[in-house]
Amino acid sequence: MFAQSPAGRPGTADEVANIAQLLMSAQGAFITGSTFLIDGGATANYFYGQN
């Protein structure tokens, strides 16, 4: 699965933490009701294929 995703590798804990940091910071204050897929593009690749 990882090799077929656009990123070609699993995400690291630091990369996942970056999204959490953004959402809890002042820069993310206007982000509401959103879903963030942190999967290296695997879901988009599954549904839409690589371009």
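Bear in mind these aren't lab numbers, they're just calculated from the coordinates by the rules spelled out. Because the structure is a prediction, the values reported are computed rather than measured. In this analysis, Cβ positions are derived from the backbone assuming ideal geometry, glycine residues included, and neighbour counts consider all displayed protein chains.
Over all alpha-carbon pairs in the chain, figure out the percentage whose distance exceeds 15 Å.
The answer is 54 percent, as a whole percent.
Taking 0.36 nm per residue of separation and subtracting the Cα-Cα distance, what length does fully extending VAL16 through GLN4 add?
My answer for the length gained is 2.3 nm.
What's the angle, to the nearest 10 degrees (0 to 90), between helix 13-24's Cα axis and the longest principal axis of the chain?
40 degrees
Which order do the peptides 37-44, 23-30, 2-9 come out in when sorted by mean C-beta neighbours inside 10 angstrom, highest first? All intermediate terms of the calculation are to be shown ahead of the outcome.
Values: 37-44: 14.1, 23-30: 9.8, 2-9: 11.5.
Going by the mean number of other Cβ atoms within 10 Å, highest first, we get 37-44, 2-9, 23-30.
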